[in-house]
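Take a look at the structure below.
The values are calculated or read from the model by the stated rules, or taken from the named source; none is laboratory data. Predicted model only: the values in this text are computed from it and were never measured. Cβ placement follows ideal geometry from the backbone for every residue including glycine, while neighbour counts extend to all protein chains displayed. The accessibility values were calculated without ligands, DNA or RNA, using every heavy atom of the protein model including side chains. Shrake-Rupley method; radii C 1.70, N 1.55, O 1.52, S 1.80 Å.
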Amino acid sequence: MVEEISYGIRIAVTPTYRGSYRNEDNTLNAFSYSITIENTSENTVQVLSRFWLIKDSLHPIEIVEGEGVVGDTPILHPGSSYTYQSNVILNSSVGAMKGYYTLRNLDNDRFIKAKIPCFQLTSSFKKN
C-alpha cells in the first residue's frame with residue numbers, strides 16, 4: 001500500500017495483479033486497485049473529479065479524466081472515508097499510475113487537489 005496526505009485528505013492505494021489474457025495477437029495484463037479517500041481535515045468535502053496519468057512501459061503515458069469516482073461523487077465529513085475498487089489493463093506487465101482528485105470544500109466553497117500517490121503495477125512473475 002502507498003499513501004499520501006494533501007490538504008487533510010489521505011489517499012491510500014493498494015494495487016493487485018489479476019493475471020494476463022490474450023486478445024487477438026496481444027497479451028494484456030489486468031490490474032485492480034483499491035483506493036481509500038479519508039477526510040482527516042475539519043471540513044466537509046466532496047469528490048468532484050479525477051485525473052490519472054497511466055504509464056504502460058510499452059506505450060506512451062495515457063491521461064484519463066472524468067467526473068467523480070466509479071460513477072459517484074461522495075461527500076466526506078470530517079473523519080469519514082470512502083473506499084472503491086477499479087481496474088486498468090496494460091499491454092505490458094509493468095507500469096505505474098498517479099494523479100489527483102479535485103474536491104470541493106463544502107464549508108468554504110474552495111477547491112483542492114488531493115494527490116494520488118504514484119503506485120507500481122507489476123505482474124506476479126516480475127516480482128520474483
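Each other residue within a Cβ distance under 15 Å of Ile54 adds +1 if Lys or Arg and -1 if Asp or Glu, for a net charge of 0. Counting only protein heavy atoms and a 1.4 Å probe, tell me what percentage of region 28-70's accessible area is made up of carbon and sulfur. Carbon and sulfur atoms account for 51 percent of the accessible area of region 28-70.
Cα gyration tensor of region 1-58, axes a ≥ b ≥ c as square roots of the eigenvalues: rounded (a/c below 1.5), prolate (a/b > b/c) or oblate? Please report the intermediate quantities before stating the final value.
Numbers: a/c = 3.36, a/b = 2.73, b/c = 1.23.
In terms of gyration-tensor shape, prolate.
Counting only other residues whose beta carbon sits under 12 Å from that of Tyr100, what net charge do I get with K and R as +1, D and E as -1?
Values: positive: Arg50, Lys98, Lys113, Lys115; negative: Glu4, Glu65.
In short, +2.
Our Cα-only numbers for the chain put the radius of gyration and Dmax at 15.8, 53 Å. Once the 1.4 Å probe is applied to the protein heavy atoms, region 14-54 comes out at 50 Å² accessible per residue. A simple spin-label model places the labels of Val64 and Asn105 3.0 nm from each other, with each point 7 Å out along Cα-to-Cβ.
Which shape class, rounded, prolate or oblate, goes with region 86-128 when its Cα gyration tensor gives a ≥ b ≥ c as root eigenvalues, a/c under 1.5 marks rounded, and past that a/b bigger than b/c marks prolate? Verdict is prolate for region 86-128. Once C-alpha pairs closer than 8 Å and six or more residues apart are averaged by separation and normalised to the residue number of region 42-128, the relative contact order reads 34 percent.
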